[in-house]
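The values are calculated or read from the model by the stated rules, or taken from the named source; none is laboratory data. Quick caveat: nothing in here was measured; it's all calculated off a predicted structure. Here the Cβ positions follow ideal geometry from the backbone for every residue, glycine too, while neighbour counts run over all protein chains shown.
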Amino acid sequence: MSAEEKFQSLMKQYGRGLMGLLVLVLVVHDIFGTHGFLAMRRTQSEIKKVQADLDRLNKENADLAQQVKDLKTDPQTIERMAREMGLAKSGEIIIKIPQSQIDLQNSRQK
């Protein structure tokens, strides 16, 4: 029996099994490989998360830009911010009530 005949004999015996194994390896690689289906899904998920973060940051940036514009042009905004920081106009007296007293008063009214 020549080498070619031996090869043909082996292929007749194990050819289908080898082809099946090869197909199985390719399918597993396409699913679990570096650039496979699962990696693609994970990457798409990360892209969605980054896009959501980018949208949130763009909205926050727009809000901050509006606040800067208001602080430069709107006197009411400037006064509100100053009062939130505890500043007062000349002649005014600021009285700060502790939050615990406010909570106590609210609980008595209920």
Of the residues LEU26, LEU54, only one is modelled with pLDDT of 90 or more and over 23 Å from the mean Cα position of the chain (by Cα); which?
LEU26
Does MET85 satisfy the condition of being in contact with a helix residue (DSSP H, G or I) (Cβ under 8 Å, 6 or more places away or on another chain) and not polar (S, T, N, Q)?
no
Is there any pair linking a residue in the range 1-13 that is of a type in the set (A, V, I, L, M, F, W, C) to one that is at pLDDT 85 or above, with Cβ under 9 Å and at least six apart or on different chains, and which?
MET1/SER9; MET11/LEU18
Qualifying positions in the range 95-110 - of a type in the set (D, E, K, R) and assigned to a helix (DSSP H, G or I)
ASP103, ARG108
